[in-house]
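To start, the structure under review is shown below, and the notes come after it.
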């Protein structure tokens, strides 16, 4: 009986910290309602995608979205804007990118990691999509960034997602997501774009 209880506790702990866990605090519920968010199950392709966390000139590539979600210390849940569901490729939509939220529900704060799911693009298409966006923003340095991303792609570190924003209790953070992940959360990247090399784990 004691062994059975321990097994149940282990499953409960895993469930509470897994990427599909339901966050149930009052603050989390209020933020979901305010932002029009609803529970969502992301595609496996997105969860298995590597990601960048800087919109225009990323310095590094991080590992899979799934690994990042599993690294969070508080209960998490995946969310999406309720009116966006019909535009998903799985529902017949043709959007090349859409926004999904990883909610981390901690006792003192609710954090949203706001991802752009671009996993329906091949790594090459993803780079071309970013290039189109960069040109519209008149970004003069993007040529060098594109070259770095091209090389990472050929070395097996292609990207299919981007962490665009981080919000804490509804407030947008001043630092770039890349800076937060590297400096505060100590998330180890898998590829250094400036050195153009894979990084050991």
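The values are calculated or read from the model by the stated rules, or taken from the named source; none is laboratory data. Just so it is clear, the structure is predicted and the values come from calculations on it, not from any experiment. Cβ placement follows ideal geometry from the backbone for every residue including glycine, while neighbour counts extend to all protein chains displayed.
Within the range 66-121, being at pLDDT below 95, under 11 Å from the mean Cα position of the chain (by Cα) and not in a strand (DSSP E or B) holds for one residue alone: 118.
Checked against (1) modelled with pLDDT of 90 or more; (2) exposed (fewer than 14 other Cβ atoms within 10 Å of the Cβ), residue 135 passes all but a single condition, namely (1).
Can you tell me which residue is surrounded by the most Cβ atoms within 10 Å (Cβ to Cβ) among those in the range 37-52 that are assigned to a helix (DSSP H, G or I) and over 10 Å from the mean Cα position of the chain (by Cα)? Looking at the filtered set, the residue picked out is 45.
Checking each residue in the range 53-65 for being modelled with pLDDT of 95 or more, touching a helix residue (DSSP H, G or I) at 6+ places or on another chain (Cβ under 9 Å) and either surrounded by fewer than 19 Cβ atoms within 10 Å (Cβ to Cβ) or closer than 13 Å to residue 152 by Cβ (or both) picks out 59, 60, 61, 62, 64.
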